[in-house]
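Presented below is the structure to which this report refers.
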Amino acid sequence: METNKPLLFLLFLAVSAVLADEDVFIGVNIGTELSDMPHPTQVVALLKAQQIRHVRLFNADRGMLLALANTGIKVAVSVPNEQILGVGQSNTTAANWVTQNVISHYPATNITTICVGSEVLSALPNAAPILVNALKFIHSALLASNLDRQIKVSTPLASTIILDSFPPSQAFFNHTVKPVLIPLLKFLQSTNSYFMLNVYPYYDYMQSNSVIPLDYALFKPLAANKEAVDSNTLLHYTNVFDAMIDAAYFAMADVNFTNIPVMVTESGWPSMGESNEPDATVDNANTYNSNLIKHVLNKTGTPKHPGIAVSTYIYELYNEDAKAGPLSEKNWGLFSNNGTPVYILRLTESGSLFANNTSNQTYCVAKEGADTKMLQAGLDWACGTGKVNCAPLMQGGPCYDPDNVAAHATYAFDAYYHMMGKAPGTCDFTGVATITTTNPSHGTCLFSSSTGKNGTFLNGTAPAMDSTSSSAYSVRYCNAFSTTLMMILGTLGLSLVLL
């Protein structure tokens, strides 16, 4: 993995901030198989800094749900596979699960979806006979609490249950799972829920023995004569993702279901792999995820359903270094566990929602070795006359530590720089500041490329600052200076008396 690139902030915007509930979105999965999993408050701080508005959890971790409270982030919680048997065999168990993991957090935590298991039909076939019961029992518990319209219930499925997926018009479900799929589709239709599918063009490409071109898997532009054509419908396919989505639609139509929307619960590309996975690279992972995001948010749709985009959760937020399996299994994340991006998504051509050029982010920081007195003067000016909100620097704030002039000056300098729209001359501070492309975020102190939005309060609120307290940070140091001065003067006065 490349490690010498500047660690820039990844501006990961999600459309839920500006679009209605029924519109398309990009979200992220949050796995937890890390040797050093960040605290839930750190995870949420990262989500907020990146403006990620939809997340999918593989469980219903209480700490995570509490940290997500009052953030507005839309959450998909999961009944883990190991709990499926209990939930699917007992209405009471299902009701208790909903009470403990949903009702006790809702609506402060904006839970919108319950995923019952993950790839149960292929990963846990012994639970397949009771899968639909599990969904029904969970839904009944929501119905009893009048939450059935606010919270959808479904189950993510592996795309491998769809056979003969190209051409898409010939796709059909594996006959061995039809006894479960038909009742499942009836349930999804009756509750207006989604057909959830995990879509991994990477694996299709790897297993195709070079039949599938890499560019076709990565959403790269293809010449017209390179596009895949469905001989039955004459529809042209420019990428694997769309072909797999349409295969799902055709497979559902094959069993007489034509009005169930598809939601992609997992899709991504690994950034590192063993020698037998040469295309698991940072560049390919960046290309796939960047193009996927633009493809979804541009509402291109698929050849079968043009203009009807498919909401998608990217797999995944963090690299899961403790995950079993080959090296590639540990490297699907957008971030490492310390919050630094594995790569910078290329989103400059995705329209207004993703117009920011993430390769051109700049920050204003204190120069290394700068005079402490000059830094303090610049800090005082920024927090006073400069009208920077320096509340995050106060004790207990997210940017208080490390409690030294250089770190605090960097916060204030950068906040002023962004507040002034990065105008020329706004990162100087009498020569003790400099512009950098390296994001100075650390711990819970997250620097944003958005104007005036540095700092992250983990409870979602910052101390109120009126017109007389905008320079509260300066006052703290002025008071300390005054105290020292009084001590010196007192000592001199005592000396004079003694003389």
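Evaluating Ser165 against the criteria (1) open to solvent by 60 Å² or more (accessible area, probe 1.4 Å); (2) within 30 Å of Val132 (Cα to Cα); (3) in contact with an Asp or Glu (Cβ under 9 Å, 6 or more places away or on another chain) leaves one unmet condition, (1).
If the condition is being in a helix (DSSP H, G or I) and within 20 Å of Gln150 (Cα to Cα), then the range 71-121 contributes Ala94, Ala95, Asn96, Trp97, Val98, Thr99, Gln100, Asn101, Val102, Ile103. Pro183 meets all of the listed conditions (1) touching a residue at least 24 places away in the same chain (Cβ under 8 Å); (2) outside any helix (DSSP H, G or I); (3) surrounded by fewer than 22 Cβ atoms within 10 Å (Cβ to Cβ) but one, namely (2). Of the residues making up the range 223-233, not a single one is among the polar types (S, T, N, Q), surrounded by 17 or more Cβ atoms within 10 Å (Cβ to Cβ) and either assigned by the TED database to the domain that holds Phe166 or in contact with a Leu (Cβ under 7 Å, 6 or more places away or on another chain) (or both).
Remark: Asp414 falls outside the filter, which requires a residue to be charged (D, E, K, R) and at pLDDT below 75.
Residues checked against (1) out of contact with any strand residue (DSSP E or B) (no Cβ under 6 Å at 6 or more places or on another chain); (2) open to solvent by 70 Å² or more (accessible area, probe 1.4 Å); (3) at pLDDT below 50:
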residue	(1), (2), (3)
Thr410	no, no, no
Thr430	yes, yes, no
Thr436	no, no, no
Ser441	yes, no, no
Ala472	yes, no, yes
Ser495	yes, no, yes
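Residues that are assigned by the TED database to the domain that holds Ile314, in contact with a Pro (Cβ under 9 Å, 6 or more places away or on another chain) and not hydrophobic (A, V, I, L, M, F, W, C) occur at least once in the range 88-100. Annotation note: of Tyr205, Tyr216, the sole residue that is outside any strand (DSSP E or B), without any contact (Cβ under 8 Å) to a residue 40 or more places away in the chain and either on the phi < 0 side of the Ramachandran plot or open to solvent by 50 Å² or more (accessible area, probe 1.4 Å) (or both) is Tyr216. If the condition is being closer than 18 Å to Gln89 by Cβ and surrounded by fewer than 16 Cβ atoms within 10 Å (Cβ to Cβ), then the range 100-139 contributes Gln100, Pro125, Asn126, Pro129.
The values are calculated or read from the model by the stated rules, or taken from the named source; none is laboratory data. No experiment lies behind these values; they were computed from the predicted model shown. Note: ideal-geometry Cβ built from the backbone for every residue, glycine included; neighbour counts use all protein chains shown. Each accessible area value is taken on the protein alone, full model and side chains, heavy atoms only, with ligands, DNA and RNA left out. Shrake-Rupley method; radii C 1.70, N 1.55, O 1.52, S 1.80 Å.
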